Amino acid sequence: MNKVLQATYHDGNLVLNEKLDTALEGKKLTLILVEAESSSQSELEQKELTRNFLEWAQQYSAQLPPDYKFDREELYDRECFQ
């Protein structure tokens with residue numbers, strides 16, 4: 001899942017402007033911090049930067065078949081783990 005959220009850093013804490021989905025509860029997330037637009041950046045420039053970032057991130061995403069199921073035992077049975 002890729003999502004762009006706005007947040008404010010205050011007193012050592014990152015405060016999100018919206019709540020995350022409850023399905024993410026307890027999961028570790030990777031954050032890529034990009035400083036929000038400055039007063040010199042137009043909204044159009046910011047949208048272009050966001051679009052470019054999402055295109056970049058999509059390169060590293062993979063679509064799994066709907067019937068895909070991760071099998072830890074099968075993974076550990078492979079020769080590279082023995």
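Read-outs: derived from the displayed coordinates by stated rules, not from any lab. Bear in mind that the values here come from a model prediction, so they are computed numbers and not experimental data. Methodologically, a virtual Cβ is constructed for each residue, glycine included, from the backbone with ideal geometry; neighbour enumeration extends over all protein chains shown.
Placing R0 at 22 angstrom, the Cβ-Cβ distance between residue 15 and residue 54 gives a FRET efficiency of 0.45 after rounding to 0.05. Each label point was placed 7 Å from the Cα along the Cα-to-Cβ direction; for residue 62 and residue 2 their separation is 1.7 nm. Relative to the Cα centre, the charge distribution of region 7-81, modelled as +1 at Lys and Arg Cβ and -1 at Asp and Glu Cβ, gives a dipole magnitude of about 80 debye.
Distant-in-sequence amide contacts of residue 7, defined by a placed amide H-H separation under 5 Å and a gap of 5 or more residues or a different chain, comprise 17.
Projecting label points 7 angstrom from Cα along Cα→Cβ for residue 76 and residue 45 puts them 5.3 nm apart. Compactness of the chain was expressed as the Cα radius of gyration divided by 2.2 N^0.38 Å, which yields 1.56. If you count Lys pairs in region 7-81 whose Cα atoms are under 21 Å apart, skipping same-chain pairs closer than 8 places in sequence, the total is 4. Only Cα pairs under 8 Å and 6+ residues apart enter the sum, and on that basis the relative contact order of the chain stands at 18 percent.
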